[in-house]
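Data first, discussion second: the structure below is written as structure tokens.
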């Protein structure tokens, strides 16, 4: 009987073991696509009884296939791929903002092209109206691009809020799993949930996972612990006090979380915010440069009615914001004096005061440092700042040279007569008469060359003060080598004089206060003069298109911006953004391939193979049937023995 009992017990232990195996295989097949699930196996070992062979198998032990290193590689790949995907989409959107939303480059190109057409036909009312329409189109292009970029920045902020909420939920879930593992160490079901949560968390930000002996994990990111035995730290979104860029903090202490641009969705959306802000700051700078440059050319000429040109565009003035930690009483105001010196990236600038070293400014976009001389007036990067009050050492200010300029740029005038297409002066041979006519009694051969506008008159130029700008000017040669300049408003007073040495001379008239302040209209003189010869400088009329030519040339004039001509700078901005988008797309494709490879590697170790599970299931089924047959045979033998008795 003991033999039959032993056979029965052995077969029953086999049934238990093979039944457990079949159950595990069924679970594997059912969870093949479950995130975080690792294939499970049944370990059957011989049950050894002293002095007895073939005592069956011990209670089945279920083990979970896992590879911490391979899982970590997949988490890293997930973080990078999630970031690369967002970067690809956002970089493309940023690039398209300048092309698909009004096309700033094309709008400006058409504006300056039509300015050249007006120069050839300055009396054309239709062409003046066309130029004003072009100006409005350019304004619309700037505004449309700014709206698109602001939408991208806002989307990044919303994305960050959602990403942080998701990360907090996952950290809370992991904390709960840790508690469960504390009560049931290395429970396979909890470990599966843990791996799924960790993989999901890695898509939000880069994580460093430190496993514990009981299956619990510690989680850190950027050097900050997010999950330990005490529970999870709550992530929050805040703004940097200086740049206002998004800042991620952890825990009630608000520890700053260092997040890189490749660190999952959170890192990518933070980078998108920065890239979008940099793009719109550069666009703002270009809006200011375009407005200031066009307005200056306007001020350098006259309208068809002989009135000095007024500004066509308006943009916000620079802003200065004091840091809340400032201890001094200084307040600063800023204005743009030279648009050509403003960096095309637009800054902004952080201006700091040090009691021993004085003032220094740093361009936040490029890192370029400026050291303006200390005093009540500071100048750098085309800006002029007035200081009132007393700064304290360590005080700092944020200077934005072009706040929301692309969004707020406006076309001031809708009157086609406001376009200053004429030069301020037309040079005629002879002297002006009281009735306005000009009589030419010259005996020499004096020729006026092509006029220019310059901030630095020639050394041989006779300088006419700005107070006489717009008045008819009379140039009279007292000898072959000298000439005097008078205003016809007061012909007895010499207001400037010059030398005509070697048959060369020049006249430079200073512009009055306004957009052209600091500039001079200059015309060169050459030839042979005789005493008594005269030239008359009369304000330009409607038939003059010289200043419109100057406006048209502004598009391609070298040195208009710190990045070359205005055309080069605008094209350069678009090209740079397009290049960033192309590179981001390539990185995203490569990152996706890395995730596929890492997933396959982990699948080979911990994944569920249908073919393999089918083979295992067949083996368990056959073994189960064999054990059942043993029980059936033992039962028959037992019944026979009972009947024999």
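The values are calculated or read from the model by the stated rules, or taken from the named source; none is laboratory data. Predicted model only: the values in this text are computed from it and were never measured. All Cβ positions, glycine included, derive from the backbone under ideal geometry; neighbour counts span all protein chains shown.
Observations
- Looking only at segment 498-509, and only at residues there that are surrounded by 15 or more Cβ atoms within 10 Å (Cβ to Cβ) and out of contact with any helix residue (DSSP H, G or I) (no Cβ under 8 Å at 6 or more places or on another chain), the one that is nearest to residue 293 (Cα to Cα): 508
- Yes/no for residue 347 being at pLDDT below 95, loosely packed, with under 14 Cβ neighbours inside 10 Å and at positive phi: no
- Under the condition of being surrounded by 15 or more Cβ atoms within 10 Å (Cβ to Cβ) and over 25 Å from residue 252 (Cβ atoms), the residues counted in segment 148-179 number 7.
- Residue 224 touching a strand residue (DSSP E or B) at 6+ places or on another chain (Cβ under 6 Å) and in the same structural domain as residue 235 (by TED's automatic domain parsing): yes
- Of the residues making up segment 311-341, those that are touching a helix residue (DSSP H, G or I) at 6+ places or on another chain (Cβ under 6 Å) and part of a loop (DSSP other than H, G, I, E, B) number 4.
- Flag if residue 206 is part of a loop (DSSP other than H, G, I, E, B), closer than 23 Å to residue 87 by Cβ, in the same structural domain as residue 587 (by TED's automatic domain parsing) and in contact with a strand residue (DSSP E or B) (Cβ under 9 Å, 6 or more places away or on another chain): yes
- The set of residues in segment 583-596 that are over 24 Å from residue 94 (Cβ atoms) and free of Cβ contacts under 8 Å to residues at least 24 places away in the same chain comprises 593, 596.
- Any hit, segment 510-519, residues being modelled with pLDDT under 95, crowded, with 17+ Cβ neighbours inside 10 Å, within 15 Å of residue 475 (Cβ to Cβ) and touching a strand residue (DSSP E or B) at 6+ places or on another chain (Cβ under 9 Å): no
For (1) without any contact (Cβ under 8 Å) to a residue 40 or more places away in the chain; (2) touching a strand residue (DSSP E or B) at 6+ places or on another chain (Cβ under 9 Å); (3) part of a helix (DSSP H, G or I), each residue gets a yes or a no:
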{"position": "350", "(1), (2), (3)": "no, yes, no"}
{"position": "366", "(1), (2), (3)": "yes, no, no"}
{"position": "373", "(1), (2), (3)": "yes, yes, no"}
{"position": "385", "(1), (2), (3)": "no, yes, no"}
{"position": "391", "(1), (2), (3)": "no, yes, no"}
{"position": "394", "(1), (2), (3)": "no, yes, no"}
{"position": "406", "(1), (2), (3)": "no, no, yes"}
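- Checked against (1) within 30 Å of residue 544 (Cα to Cα); (2) surrounded by fewer than 18 Cβ atoms within 10 Å (Cβ to Cβ), residue 99 meets all criteria but (1).
- Members of segment 238-263 found to be over 18 Å from the mean Cα position of the chain (by Cα) and either at pLDDT 90 or above or in a loop (DSSP other than H, G, I, E, B) (or both), listed by number: 241, 248, 249, 250, 251, 252, 253, 254, 257, 258
- Among (1) under 30 Å from residue 405 (Cα atoms); (2) touching a residue at least 12 places away in the same chain (Cβ under 8 Å); (3) in a strand (DSSP E or B) - the single one residue 271 does not satisfy: (3)
- Test: residue 485 is closer than 18 Å to residue 441 by Cβ, at pLDDT 95 or above, surrounded by 15 or more Cβ atoms within 10 Å (Cβ to Cβ) and over 48 Å from the mean Cα position of the chain (by Cα): no
- Search result, residues across segment 542-570 that are at negative phi and surrounded by fewer than 16 Cβ atoms within 10 Å (Cβ to Cβ): 542, 543, 556, 558
- Residue match in segment 228-235 (condition: surrounded by fewer than 16 Cβ atoms within 10 Å (Cβ to Cβ), under 19 Å from residue 248 (Cβ atoms) and touching a residue at least 60 places away in the same chain (Cβ under 8 Å)): yes
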